[in-house]
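Novice: Below are the structure tokens for one structure; questions will follow.
Quick note: the coordinates plus some simple rules give every number you see, no bench work behind them. Owing to the predicted nature of the structure, the values given are computational and were not obtained by experimental measurement. Positions of Cβ are generated from backbone atoms using ideal geometry, with glycine treated the same way; all protein chains shown enter the neighbour counts.
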Amino acid sequence: MWISFGIYEPQNGCDIHEAVAHMARVAALLEKRNNIDVAIIKSLEQSWAAVFAVWKGGSSGDGPALNLPEAAAFTKGMVCAVRIVDSGWFRLSSQEISKGVSFAQLSLGDIVSLRRIYTSSWKIQDVLSYCCLAILKSYFAWLKGLLSYSFYESLDGKQIIGLGVWDSVESASVLANNDDNPNANPWVAFWKSLGAKRLQYHLCQVVYVTYRIPCGVQISRPGFQI
């Protein structure tokens, strides 16, 4: 699965609500023109928002370039309310879902955590990506309230993104601000020992999502697969 990812902050004179409204209008237009799903998540700090655009067209190597929007697409318009902070192209590398959940999804209102692991080379990213898979297999079932977790590796070898979907802010907050606590986050020291340059962990809420329900799947909260 290919994704385009971008983080945005409001322009001077705009607030986060205006920024999200602008991004949602752009997302609605892009969905009509491309075979993509879009999710917008807003930080609980109310200072920035991020966009995940997921290409649904298959596994062709040139798919992202042909079908996914550039991050700059969200900064266009007569009145632009946002500026790009960071962006990149990613692919799904590993994923786990809790028992009773049919597939990993994002739905409107979901509480999500955004983990960012910065690397310095393809070699280190490959090692860390494998490490993330091992951590999911070992620790996922131990984390109370975690519904799904997906890791994505960047196509330029510089970053890994972890996207977790939780049942509440309280559950997701267990890992917040604990990157220096080996008891709370035993895998953080492992990432650092393998060459992670910098780690970030943010709590967010889904404020916009493309609604698609896979054929034959019965779910209570419409959303799209991540």
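Novice: Report, by residue number, each residue of segment 1-19 that is surrounded by 20 or more Cβ atoms within 10 Å (Cβ to Cβ) and either of a type in the set (D, E, K, R) or part of a helix (DSSP H, G or I) (or both).
Specialist: If the condition is that a residue be surrounded by 20 or more Cβ atoms within 10 Å (Cβ to Cβ) and either of a type in the set (D, E, K, R) or part of a helix (DSSP H, G or I) (or both), then Ile16, Ala19 are the ones that fit.
Novice: Then there is this: So which strands (runs of 3 or more DSSP E) are wholly in segment 92-180 and hold at least 2 residues that are within 20 Å of Phe190 (Cβ to Cβ), among the small types (Gly, Ala, Ser) and touching a Phe, Trp or Tyr at 6+ places or on another chain (Cβ under 6 Å)?
Specialist: Working: elements: 111-118, 146-154, 159-166.
Because the criterion is at least 2 residues that are within 20 Å of Phe190 (Cβ to Cβ), among the small types (Gly, Ala, Ser) and touching a Phe, Trp or Tyr at 6+ places or on another chain (Cβ under 6 Å), the strands (runs of 3 or more DSSP E) in segment 92-180 that meet it are 159-166.
Novice: Here are the criteria: (1) within 16 Å of Tyr201 (Cα to Cα); (2) touching a helix residue (DSSP H, G or I) at 6+ places or on another chain (Cβ under 9 Å). Tell me which single one Leu128 does not satisfy.
Specialist: (1)
Novice: If you don't mind, there's one more thing I want to ask. Any chance you could count how many residues in segment 139-169 are within 16 Å of the chain's Cα centre (by Cα) and either buried (at least 17 other Cβ atoms within 10 Å of the Cβ) or farther than 12 Å from Phe5 by Cα (or both)?
Specialist: Residues that pass the stated criteria total 18.
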